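The values are calculated or read from the model by the stated rules, or taken from the named source; none is laboratory data. Keep in mind it's a predicted model, so treat the numbers as computed, not measured. For neighbour counting, all protein chains shown are included, and Cβ atoms are generated from backbone atoms with ideal geometry for every residue, glycine included. Heads up: the accessible areas ignore ligands, DNA and RNA and are worked out on the full protein's heavy atoms, side chains in. Shrake-Rupley method; radii C 1.70, N 1.55, O 1.52, S 1.80 Å.
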Amino acid sequence: MLLSRHRAAARCLAALGLGLVALTGCSGADDGQAADTAPESSATSSAPADETVPTTEPDADAAAWAGSRQFVQIEDAWTSDGRTYLSVRPAQKEAHVTDHSEAWVVVPGEGPYTEVPLADDAQVLLSAPLGDESQASSYTQAEFVSRLTAQSSSDRSLVGYDLSFDGEGQVTRVESLYTS
């Protein structure tokens, strides 16, 4: 009886191990990325180390976010050849609750920014200070780029964004979250 329980437990553990390998995509330690970290952006040798150079080709690593939802900070946004691109890196949002209100605090991420494209029909929802109201309202991609680039870099660090990605790594929804 004891032997059969050990065999059953061993089979269960083996099945669990195989399931974990399948869920992680058979990634190994040499893959260079942890499952919960953002992909690194590629650098161009002609740019200073602290400057992101917009290109018309999306970062190949952006596809790592395909089909996911990410909370990010946006460093820059631009339009090239009729397509909108964002320079993003992961961040975190933490609830800040007081006796009278609840707010979010944007905790900046670290590391390089990654270039991601917006889908042609991406929905952009902005609230103050990028939008005109405290509640999120819909804006065009061009309005978003204009409003974002008009902000100083210190003001941009107070805003986080929930991004939703389609299966190809394109952003299908942008929603701003402001920290007072």
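Quick notes on this structure:
- Taking 7 Å steps out from each Cα toward its Cβ at S137 and A66 produces label points 3.7 nm apart.
- For a paramagnetic label modelled on H96 (point 7 Å from Cα along Cα→Cβ), amide N atoms under 20 Å away belong, within region 112-129, to 127-129.
- Region 61-123, accessible area per residue, ligands and nucleic acids excluded (1.4 Å, Å²): 53
- Rolling a 1.4 angstrom probe over region 101-174 with all protein chains present gives an accessible area of which 46% lies on carbon and sulfur atoms.
- Rg(Cα) / (2.2 N^0.38 Å) computed for region 80-122, rounded to two decimals: 1.70
- Under 13 Å from the W104 label point (7 Å along Cα→beta-carbon), backbone N, region 146-171: 158-164
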